1. Got at least one residue in the stretch 106-117 being more than 29 Å from Lys161 (Cβ to Cβ), touching a Pro at 6+ places or on another chain (Cβ under 8 Å) and modelled with pLDDT of 95 or more?
2. Taking only the stretch 172-198 into account, find how many residues are closer than 21 Å to Phe21 by Cβ and either touching a residue at least 40 places away in the same chain (Cβ under 8 Å) or exposed (fewer than 13 other Cβ atoms within 10 Å of the Cβ) (or both).
3. Tell me, which residue of the stretch 54-65 that is surrounded by fewer than 21 Cβ atoms within 10 Å (Cβ to Cβ) and of a type in the set (Val, Ile, Thr) is farthest from Ala96 (Cα to Cα)?
4. What are the residues in the stretch 150-164 that are out of contact with any helix residue (DSSP H, G or I) (no Cβ under 8 Å at 6 or more places or on another chain) and not basic (Lys, Arg), if any?
5. For the stretch 72-89, state whether one or more residues are farther than 30 Å from Tyr178 by Cβ, over 20 Å from the mean Cα position of the chain (by Cα), surrounded by fewer than 18 Cβ atoms within 10 Å (Cβ to Cβ) and in contact (Cβ under 8 Å) with a residue 24 or more places away in the chain.
6. Take Arg149 and decide whether it is surrounded by fewer than 19 Cβ atoms within 10 Å (Cβ to Cβ) and in contact with a Cys (Cβ under 7 Å, 6 or more places away or on another chain).
7. Just for the stretch 83-109: of the residues that are assigned to a helix (DSSP H, G or I) and among the polar types (S, T, N, Q), which one is nearest to Ile132 (Cα to Cα)?
8. Just checking, does the stretch 140-159 include any residue being in a helix (DSSP H, G or I), assigned by TED's automatic domain parsing to the domain that holds Arg10 and either closer than 24 Å to Asp71 by Cβ or free of Cβ contacts under 8 Å to residues at least 24 places away in the same chain (or both)?
Amino acid sequence: MKTDKAKITRILETLDKLYPFDGRCFLNYETPWQLLFATILSAQCTDDRVNQVTAVLFEKFPTLESFVQADLSALEDVIHSTGFFRAKSRNIKNSAFLLIERHGGEVPSDIEALTALSGVGRKTANVVRSHIFKIPSIVVDTHVMRVSRRLGLTDNTDPTKIEFDLMEELPDTHWIQYNQQVISHGRAVCKAQKPRCHECELRDICTV
């Protein structure tokens, strides 16, 4: 599908006005691998909860080596509240090992290398690519999926298909800021339940 250029311009200009792009990330981190692990933890969990957990996690395990050496039970205890803690603990521990073994302790920028790490899908990889390496990337979370569908930018439900739809519809100069802006809009206005349509400046072009 290809959306009318005027509609795309209207959407992007409205988002730029409502949510001026500041480049910030909703997850707290100091190093690239910390962002990678925080994003793994964010699956099916709020960013606020992840930030509470990583404040403890990264103090207790300050290096990749400390994650490799950690007992899974110790990791599970710290990240328990993020949900799916057993799988997330295994993935983080394995990813720490792979980062050291394959990449000399550095987080790669290549999406194939990133998604070869344990528990890293395209969403997680694209968070790292956009925030660490400033590579234009579309991050499809539940907000991006919902708002993009309501705006008629995609009719798919598969995250990867939505990612490629948005890459086709939007100029790559806006990919990174679109992620942040639509997440903000989804949290504040275009909610999954009881969306605040009367407050939305895009309601006249919404498909809902």
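1. Scanning the stretch 106-117, I find at least one residue that is more than 29 Å from Lys161 (Cβ to Cβ), touching a Pro at 6+ places or on another chain (Cβ under 8 Å) and modelled with pLDDT of 95 or more, so the answer is yes.
2. Looking only at that region, the number is 17.
3. Val56
4. So in the stretch 150-164, the residues out of contact with any helix residue (DSSP H, G or I) (no Cβ under 8 Å at 6 or more places or on another chain) come out as 150, 158, 161, 164.
Passing the criteria: Asp158, Phe164.
5. Checking the stretch 72-89: not a single residue is farther than 30 Å from Tyr178 by Cβ, over 20 Å from the mean Cα position of the chain (by Cα), surrounded by fewer than 18 Cβ atoms within 10 Å (Cβ to Cβ) and in contact (Cβ under 8 Å) with a residue 24 or more places away in the chain.
6. Spelling it out, it is not the case that Arg149 is surrounded by fewer than 19 Cβ atoms within 10 Å (Cβ to Cβ) and in contact with a Cys (Cβ under 7 Å, 6 or more places away or on another chain).
7. To start, the set of residues in the stretch 83-109 that are assigned to a helix (DSSP H, G or I) comprises 85-103.
With the extra rule that they be among the polar types (S, T, N, Q), the set shrinks to 89, 91, 94-95.
Values: Ser89: 23, Asn91: 20, Asn94: 21, Ser95: 17 Å.
Filtering first and then ranking leaves Ser95.
8. Narrowing the stretch 140-159 to residues in a helix (DSSP H, G or I): 142-150, 159.
Subsequent filtering for residues that are assigned by TED's automatic domain parsing to the domain that holds Arg10 retains 142-150, 159.
From what's left, either closer than 24 Å to Asp71 by Cβ or free of Cβ contacts under 8 Å to residues at least 24 places away in the same chain (or both): 145.
The answer is yes, given that some residue of the stretch 140-159 is in a helix (DSSP H, G or I), assigned by TED's automatic domain parsing to the domain that holds Arg10 and either closer than 24 Å to Asp71 by Cβ or free of Cβ contacts under 8 Å to residues at least 24 places away in the same chain (or both).
The values are calculated or read from the model by the stated rules, or taken from the named source; none is laboratory data. From a predicted model like this one, the values you see are computed outputs, not experimental measurements. All Cβ positions, even for glycine, are placed from backbone atoms using ideal geometry, and neighbour counts span all protein chains on display.
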